[in-house]
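Everything below concerns the one structure shown next.
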Amino acid sequence: MGKIVAKRGSELRCKSWRQEALLRLLENVLENGENQDELIVYASLGKAARNWPSYHAIVDTLQNLEEDETLVIQSGKPIGVFKTHPYAPIVVMANCNIVGKWATSENFYDLQDKGLICWGGLTAGAWQYIGSQGVIQGTYEIFQTIARKHFDGSLKGRFILTAGLGGMGGAQPLAGVMADAAILVVEVDEERINKRIEHGYLQKKTDNLDQALQWIDEAKSSGESISVGLLGNAADIYPEILSRGIVPDIVSDQTAAHDLVYGYIPQGYTVEEVKQLRKTNPEQLAEDSLASIATEVRAMLEFKNRGSIVFDNGNNIRSQAFKAGVEDAFEIDIFTEAFLRPLFAKAIGPFRWIALSGNPEDIRTIDQYILENFADNQIASNWIKLANQYVPFEGLPARIGWFGHGERTELALAVNKMVREGKLSGPIAFSRDHLDAGAMAHPNIMTERMKDGSDAISDWPLINAMLNCSSMADLVVIHSGGGGYAGYMTSAGVTLVADGTEAADMRLKYTLDNDTGLGVLRYADAGYEEALEEVEKKNIRRINLEHYKK
Ligand code: NAD
């Protein structure tokens, strides 16, 4: 079988566009993924399907599925087809959910080895990943927030040190350049560096730290932006930069530190050696990874002491370091609390749309519509202009934009109308990150230090998924963490297909209003002012128990 790529054009292999859309999205995550032979999309183990028979069975079933049927998928394996009705989801999934006490990395690996489970990342198993672009705006907005808070609004002449150029981390160098900074990304696998250069996400590469620092210095002095990929191990390079007395302005890390066996590469090993050790002695590998992470995080903490702005970018590196005895690991801030929370309280978060025909012009037409009709939304319009200039398409052309309650519906309905009127060359799929207002409980990323202490309550994403099914979404998924994230999180995902029909108008309106509406209520419930104001402003029907207290 040749390499899988998403089908383009207007010819359908399925009985309607809804099924065809989901099939193309499945193919698209593999087209954009890191290791197609093993169905791995990103984050070391984030898979699109359990195994190859599962993949082929999903493709076959989607091709034969009627509009009034629902395909059920359990951790990447298709289980059966049920008669439902034309307004029910086409696909429902539960990925990698293990009962609380048993949700450990060890049990996850064991169940995975037995072929009983697989992890879907946040968007891989839900067929929503659109390439590195999916996280690039998030990373860019974090840099911009830091610029506003600490550097008079600009990162010109500022040095960002980070690591990891994988499926998600690969967005960092481009986000750094878009924010006008000089960014150095340490990566241990040369193939990953080459891939980011090929895709236009990274400008320069070297295996020599002196050379890398010289480029960074030159860019800082001239105020030019630059991105440099340095071949090396972050646990070696961070302490080395410290020992030279250099203090970057911003420090982070986006290696796959969440997974000690399949993700992080410890000091002293090549990528090939690690691949072997995974089979022969995973316990040793986990131990060595933990020790290297501790070294790296100690260096990050020392950078913080010396004045760098240091943050965890959602890879569980602090929890791993804490396990390894770095007691002050949580002195490092999590990016969500610092930047995302005020936006999430209003249900503003990463929303995305994908041109199922494969025609990039469709995305440009929608860009233009946003610039003309959402000019008041500074975050979105600034981003669309930048994305147009800098962000290359990967796989099916797609765009990400941060929109909130009401705005998502307005945009999606306008797009559905454009499809209906033939102004776009095919239907558009909408989805959003699982890291979204009502959709995730993750006490070390999304919901760390919630105002009311509700960090670990996973009722919210479960309600979110049920509500999205009731609202007639096309695909709904509930999932939890695998590998190093086992036991750390639960989230819900949703996909919608704007195929130009009136039924799609209904699906889009109810699902998007209710998805974000629940997000606002989740934050209002936790006592966030921004959410309480949004409830009033947007007329969201919140039941306020204060009125019932005699
Ligand atoms: P990936 O597995 O595709 O890539 C990880 C990269 O890190 C690989 O290229 C690997 O070679 C490199 N690496 C590993 N150990 C290293 C070391 N010691 N020094 C230098 N490089 C090293 O993973 P990904 O998809 O890029 O995700 C990275 C992390 O970010 C994951 O933990 C993921 O869960 C997390 N993540 C966070 C967000 C967010 O919202 N902020 C979003 C997605 C993913």
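Laboratory data are not the source of any read-out in this text; all were calculated from the coordinates shown. Fair warning: this is a prediction, and the values are worked out from it, not measured in the lab. Cβ sites come from the backbone with ideal geometry, for glycine too, and all protein chains shown count toward neighbours.
A dipole drawn for segment 16-108 from +1 and -1 charges on Cβ atoms has a positive end, and of TRP52, VAL92, ASN32 the residue lying farthest that way is VAL92. Beyond a 21 Å Cα-Cα separation, which of these cross-linked pairs lie in this structure: LYS77/LYS275; LYS156/LYS204; LYS77/LYS279? Beyond 21 Å between Cα atoms: LYS77/LYS275; LYS77/LYS279.
Between segment 404-475 and segment 160-203, the C-alpha centres lie 28 angstrom from each other.
Sorted from fewest to most neighbouring beta carbons within 10 Å, what does the list TRP52, TRP119 look like? Walk me through the numbers before you get to the answer.
Details: TRP52 12, TRP119 29.
Fewest to most other Cβ atoms nearby, the residues stand as TRP52, TRP119.
Pairs exceeding a 25 Å alpha-carbon distance, out of LYS101/LYS323; LYS346/LYS385; LYS47/LYS509: LYS47/LYS509.
What does the C-alpha gyration tensor say about the overall shape of segment 255-386? Classify as rounded when a/c is under 1.5, otherwise prolate if a/b is larger than b/c, or oblate.
Working: a/c = 3.37, a/b = 1.73, b/c = 1.95.
Taking the square roots of the gyration eigenvalues as a ≥ b ≥ c, segment 255-386 is oblate.
Just add up the charged neighbours of GLY245: K/R +1, D/E -1, any other residue whose Cβ is under 14 Å from the Cβ of GLY245. Don't jump to the answer; show the numbers that get you there.
Numbers: positive: ARG244, ARG306; negative: ASP217, GLU240, GLU302.
Local charge sum for GLY245: -1.
Less than 14 Å Cβ to Cβ from ASP333, Lys/Arg counted +1 and Asp/Glu -1: what total charge do the surrounding residues give? Don't jump to the answer; show the numbers that get you there.
Details: positive: LYS149, LYS304, ARG318, ARG341, ARG449; negative: ASP253, ASP312, ASP328, GLU331, GLU337, GLU448.
Around ASP333, the charge tally is -1.
Shape call for segment 125-182 from the C-alpha gyration tensor, a ≥ b ≥ c root eigenvalues: rounded (a/c under 1.5), prolate (a/b greater than b/c) or oblate? Because a/c hits 1.5 or more and a/b exceeds b/c, segment 125-182 counts as prolate. In this structure, the amide hydrogen of TYR264, modeled 1.01 Å from its nitrogen in the peptide plane, lies closer than 5 angstrom to those of ASP259, counting only residues at least 5 positions away or on a different chain. Once the Cα atoms are used to define both axes, helix 360-373 deviates from the longest principal axis of the chain by about 90 degrees.
Dipole magnitude for segment 97-186: about 240 debye, using +1 per Lys or Arg Cβ and -1 per Asp or Glu Cβ, origin at the Cα centre. Each of PHE339, ILE457, ALA179 was scored by the projection of its Cα onto the charge dipole of the chain, and the greatest displacement toward the positive side belongs to ILE457; charges sit on the C-beta of Lys, Arg, Asp and Glu. Can you tell me the 0 to 90 degree angle between the C-alpha axis of helix 52-64 and the longest principal axis of the chain, rounded to 10? Taking the Cα atoms of the chain, the angle to 52-64 is about 30 degrees. Shape class of the chain from the Cα gyration tensor (axes a ≥ b ≥ c, square roots of the eigenvalues): rounded, since a/c falls below 1.5.
Taking the longest Cα principal axis of the chain as reference, the axis of helix 459-470 is set at about 30 degrees.
When MET178, MET168 are sorted by how many other C-beta atoms sit within 10 angstrom of their C-beta, beginning with the fewest, the order is MET178, MET168. If you take all other residues with their beta carbon under 15 Å from the beta carbon of GLU187, and give Lys and Arg +1 and Asp and Glu -1, the sum is -4.
For the chain, a simple Cβ point-charge model (Lys and Arg +1, Asp and Glu -1, everything else neutral) yields a dipole of about 980 debye relative to the Cα centre. A simple rule links phi to the HN-Hα coupling: the Karplus curve 6.51 cos²θ - 1.76 cosθ + 1.60 with θ = phi - 60°, which for segment 518-532 gives 5, x, 4, 5, 4, 6, 5, 4, 7, x, 7, 4, 4, 6, 4 Hz, with x for Gly and Pro.
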